1. Going through region 134-154 one residue at a time, which ones are within 15 Å of the ligand (Cβ to nearest atom) and either among the charged types (D, E, K, R) or surrounded by 17 or more Cβ atoms within 10 Å (Cβ to Cβ) (or both)?
2. When you check E72 against the structure, is it under 21 Å from F23 (Cα atoms), within 16 Å of the ligand (Cβ to nearest atom) and either in contact (Cβ under 8 Å) with a residue 40 or more places away in the chain or assigned by TED's automatic domain parsing to the domain that holds G51 (or both), yes or no?
3. Which one is farthest from the ligand (Cβ to nearest atom), of the residues in region 1-25 that are modelled with pLDDT of 95 or more and part of a loop (DSSP other than H, G, I, E, B)?
4. When you go through (1) exposed (fewer than 14 other Cβ atoms within 10 Å of the Cβ); (2) basic (K, R); (3) out of contact with any Gly (no Cβ under 8 Å at 6 or more places or on another chain) one by one for R88, which number turns out not to apply?
5. Can you pull out the strands (runs of 3 or more DSSP E) entirely within region 126-195 that have at least 3 residues that are under 22 Å from V7 (Cβ atoms) and touching a His at 6+ places or on another chain (Cβ under 9 Å)?
6. Could you please let me know if I93 is hydrophobic (A, V, I, L, M, F, W, C), away from the ligand (no atom under 16 Å from the Cβ) and either touching a strand residue (DSSP E or B) at 6+ places or on another chain (Cβ under 9 Å) or not assigned by TED's automatic domain parsing to the domain that holds E188 (or both)?
7. Within region 54-70, track down each residue that is farther than 15 Å from I115 by Cβ, surrounded by 14 or more Cβ atoms within 10 Å (Cβ to Cβ) and under 18 Å from the mean Cα position of the chain (by Cα).
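The values are calculated or read from the model by the stated rules, or taken from the named source; none is laboratory data. Because the structure is predicted, anything quoted here is derived from the model rather than measured. Because the Cβ atoms are built from the backbone with ideal geometry, glycine has one as well, and the counts that use them run over all protein chains shown.
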Amino acid sequence: MQIPVGVSARHIHLSQEHLTVLFGAGAQLHPKKDLSQPGQFAAQETVDVQGPRGKIERVRVLGPVRPETQLEISQTDALKLGMQAPVRESGHIEGTPGLTVIGPQGQLDLQMGVIVAKRHVHFSLDEARKYGVRDGQELALRTKGERGLIFEHVTARVSPTYKLDFHLDTDEANAAGLHTGDEVEVIELEHEHGQEHFHGNEIIRVDSSPDVGKTPESVR
Ligand SMILES: [Zn+2]
């Protein structure tokens, strides 16, 4: 199974309330470029973010607005800002640090929402069915090229609004020499009751369940 790669540069999602604080009353996001996931876009708008030891300018705002503001950075960015940012799935921001966000019309002391996004693959329902993948399942992906490596703990995220794409941050992509549009291969599907190792068309089950040796319907 080959999956296209989408490298995520640092970006911020804003709530409507925070958009108003940073860009003024009545502010709206103006789409600049569509993203891989249907309906999602990079906005023309950017903000600056100020951490305890450093500042990063012109962080891209992604739209549309969301219920909660979330800043997604790399570990390299976190070092530059002088803060620790936990690896989290998007939307799981309880207990995460905040920082100061600066817009053209105001600034905001964000209380939480700074994360390093956990690498993940988006699947539509059809794609998930085709590949035998469940929402929340972890995958292992192998990359090609002279810096080829295996990414473990890649979360599968399944939704009718998604489209097949492997999202990782710039640190991870640089470590593997990956660029947007490259492809990676799924080599392992981890299931709740054991593990299946996926090598092309061949499935080898390594748990001791009664159906050892059979090819599960879900991966055909
Ligand atoms: Zn994503």
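1. D135, L139, L141, F151, V154
2. Yes.
3. My answer is A25.
4. Result: R88 fails condition (1) only.
5. 138-142, 150-158, 165-169
6. No; evaluated as a whole, the condition is false for this residue.
7. Result: R60, V61, G63, P64, V65.
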